[in-house]
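First the structure, in the form of structure tokens, and then the observations on it.
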Amino acid sequence: MRRLAIVLFVFIAAIAAAIIAFNLQRRARETRTAADVAPRTGRFVDGGGVQIFVQESGPASAPAVMLVHGTGTWSEIWRETIDALSADHRVIAVDLPPFGYSDKPLDARAYTRQAQARRLIGVLDALHVPSVTLVAHSVGARPAVEAALASPDRISRLILIDPALGFQTNGSDPPHFEQNHPSWAVRTLFTTPPLRTAVISAYGTNPLFLEQMFGTFVSNKAAVTPQRLAIIRQPMVVRGTTPAYGAWLSVLTVAEDRSLSSDFANLRKLQMPAGIIWGRTDTVTPLWQGERLHALIPGSRLVVLDGVGHIPYIEDPPRFTAALRELLQRG
């Protein structure tokens, strides 16, 4: 028994030491301001009291398309899509806080669906865009759908890419949003800022594990190239990145969600043309969720891409672009 206790103590001490070391590395890495290191391909605009980094391409007079990324990435992850659409669209790719170069509030309330949706509309206001086709991926689809429900006059078309809207765990149950019911340990972790920051430093924003983590989202592992990994790492030098990730994650994992878009009955109220693109081999948000979503949104069209996982626009850019263009042309 004593030997077991010693082994357990050593194991816990090693984990604690690793977390402390990675937290120190995070402090040494996240020292730059967004204004100093943001790429010159974009600019900052006011998203309703928060500075949002946006990248724009294409004719200003062309139909506007706004691209909203998913977890852990930023606007540059859409580069192939931006380039493919910019000949005949005004493409606006945003960094949704706390990701990329946008502001990184530390108050978890800043990351509710409602707050993030207001920021998307705020960007449209700042750019003087009256209406837009909103294209959103994964968790980025939550504020996108919220914006479409709260401000339907500003969203001319809604296109969702493998959206992580929070469907119930059991696919055979009637479709509904599954509220968080975290354990005491999870609640303690994500509501204690110093603790969650230290833990996220060890894995969530640790460059050593980025390839492994990113690889779990895709079926086409060849999409996890050194160039794409470099893109994801690029803004992780911005001051306050990891603490802000923690605040965002606390909303995702422990907060109660009473937004319009968390009530799936409201999805039937969406009247703008809607399209859904889904990777057939997605293990993060399985295809049955796409089929349920398609049934919930009136008149929506579901396009399934074979051999593609959770991030179609990097796993197979040509097929994704073709599917997206087809949905953009629908009336």
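Suppose the filter is in contact with a strand residue (DSSP E or B) (Cβ under 6 Å, 6 or more places away or on another chain), surrounded by fewer than 18 Cβ atoms within 10 Å (Cβ to Cβ) and either without any contact (Cβ under 8 Å) to a residue 60 or more places away in the chain or at negative phi (or both); does Thr31 pass it?
On the way: in contact with a strand residue (DSSP E or B) (Cβ under 6 Å, 6 or more places away or on another chain): no; surrounded by fewer than 18 Cβ atoms within 10 Å (Cβ to Cβ): yes; either without any contact (Cβ under 8 Å) to a residue 60 or more places away in the chain or at negative phi (or both): yes.
No.
Out of the residues in region 211-235 that are of a type in the set (A, V, I, L, M, F, W, C) and under 28 Å from Arg109 (Cβ atoms), state the one that is surrounded by the fewest Cβ atoms within 10 Å (Cβ to Cβ).
Among residues in region 211-235 that are of a type in the set (A, V, I, L, M, F, W, C) and under 28 Å from Arg109 (Cβ atoms), the one surrounded by the fewest Cβ atoms within 10 Å (Cβ to Cβ) is Met213.
Does region 185-202 hold any residues that are more than 8 Å from Gly246 (Cβ to Cβ), of a type in the set (S, T, N, Q) and in contact with a Phe, Trp or Tyr (Cβ under 9 Å, 6 or more places away or on another chain), and which are they?
Selection gives Ser201 alone.
Of all residues in region 48-99, how many are at pLDDT below 95 and either under 16 Å from Arg233 (Cβ atoms) or among the charged types (D, E, K, R) (or both)?
Of the residues in region 48-99, 2 are at pLDDT below 95 and either under 16 Å from Arg233 (Cβ atoms) or among the charged types (D, E, K, R) (or both).
For Thr242, are the conditions met, namely being under 20 Å from the mean Cα position of the chain (by Cα), buried (at least 17 other Cβ atoms within 10 Å of the Cβ) and part of a loop (DSSP other than H, G, I, E, B)?
No; evaluated as a whole, the condition is false for this residue.
Are any residues in region 249-262 in contact (Cβ under 8 Å) with a residue 60 or more places away in the chain and not hydrophobic (A, V, I, L, M, F, W, C), and if so, which ones?
Passing the criteria: Ser250, Thr253, Glu256, Asp257, Ser259, Ser261, Ser262.
Can you give me the ranges of the helices (runs of 4 or more DSSP H) entirely in region 110-229 with at least 1 residues that are aliphatic (A, V, I, L, M) and under 29 Å from Leu324 (Cα atoms)? I'd like the intermediate steps shown before the answer.
On the way: elements: 113-126, 141-150, 184-190, 193-202, 210-215.
Answer list for region 110-229: 113-126, 141-150, 210-215.
Just give me the residues in region 145-186 being surrounded by 18 or more Cβ atoms within 10 Å (Cβ to Cβ) and of a type in the set (Asp, Glu), in sequence order.
Passing the criteria: Glu146, Asp162.
Run down Asp306, Asp282, Asp257 and say which single residue is buried (at least 17 other Cβ atoms within 10 Å of the Cβ), over 26 Å from Arg118 (Cβ atoms) and not aliphatic (A, V, I, L, M).
On inspection, the qualifying residue turns out to be Asp282.
Looking only at region 190-208, decide whether some residue is aliphatic (A, V, I, L, M), surrounded by fewer than 16 Cβ atoms within 10 Å (Cβ to Cβ) and touching a helix residue (DSSP H, G or I) at 6+ places or on another chain (Cβ under 7 Å).
Yes, region 190-208 has at least one match.
Being in contact with a helix residue (DSSP H, G or I) (Cβ under 9 Å, 6 or more places away or on another chain), more than 28 Å from Val304 (Cα to Cα) and of a type outside the set (D, E, K, R) is the filter here, so list the residues in region 152-189 that pass it.
Asn180, Pro182, Val186, Thr188, Leu189
Just to verify a result, which residue in region 285-303, among those that are more than 16 Å from His137 (Cα to Cα) and either touching a Ser or Thr at 6+ places or on another chain (Cβ under 6 Å) or small (Gly, Ala, Ser) (or both), is surrounded by the fewest Cβ atoms within 10 Å (Cβ to Cβ)?
Going through the qualifying residues, I end up with Gly299.
Which residues, counting only those in region 309-322, are surrounded by fewer than 23 Cβ atoms within 10 Å (Cβ to Cβ) and assigned to a helix (DSSP H, G or I)?
Pro317, Pro318, Arg319, Thr321, Ala322 - these are the residues of region 309-322 that are surrounded by fewer than 23 Cβ atoms within 10 Å (Cβ to Cβ) and assigned to a helix (DSSP H, G or I).
Quick test for you: out of Ala144, Ala148, Ala230, pick the one residue that is free of Cβ contacts under 8 Å to residues at least 40 places away in the same chain and of a type outside the set (Asp, Glu).
Result: Ala230 is the single residue among Ala144, Ala148, Ala230 that is free of Cβ contacts under 8 Å to residues at least 40 places away in the same chain and of a type outside the set (Asp, Glu).
Which one of the conditions (1) surrounded by fewer than 24 Cβ atoms within 10 Å (Cβ to Cβ); (2) in contact (Cβ under 8 Å) with a residue 40 or more places away in the chain; (3) over 23 Å from Phe44 (Cβ atoms) does Thr71 fail to meet, given that it meets all the rest?
In the conditions (1) surrounded by fewer than 24 Cβ atoms within 10 Å (Cβ to Cβ); (2) in contact (Cβ under 8 Å) with a residue 40 or more places away in the chain; (3) over 23 Å from Phe44 (Cβ atoms), Thr71 misses (3) alone.
Quick test for you: out of Gly309, Gly299, pick the one residue that is within 18 Å of the chain's Cα centre (by Cα) and small (Gly, Ala, Ser).
After applying the criteria, what remains is Gly309.
Report the residue count in region 79-102 for those that are assigned to a loop (DSSP other than H, G, I, E, B) and touching a residue at least 40 places away in the same chain (Cβ under 8 Å).
9
Just for region 263-298: of the residues that are touching a Lys or Arg at 6+ places or on another chain (Cβ under 8 Å) and in contact (Cβ under 8 Å) with a residue 24 or more places away in the chain, which one is farthest from Leu324 (Cα to Cα)?
The qualifying residue farthest from Leu324 (Cα to Cα) is Leu296.
Can you tell me which condition Ala110 does not meet? The list is (1) crowded, with 20+ Cβ neighbours inside 10 Å; (2) free of Cβ contacts under 8 Å to residues at least 40 places away in the same chain, and all the others hold.
Among (1) crowded, with 20+ Cβ neighbours inside 10 Å; (2) free of Cβ contacts under 8 Å to residues at least 40 places away in the same chain, the lone unmet condition for Ala110 is (2).
The values are calculated or read from the model by the stated rules, or taken from the named source; none is laboratory data. Quick caveat: nothing in here was measured; it's all calculated off a predicted structure. Positions of Cβ are generated from backbone atoms using ideal geometry, with glycine treated the same way; all protein chains shown enter the neighbour counts.
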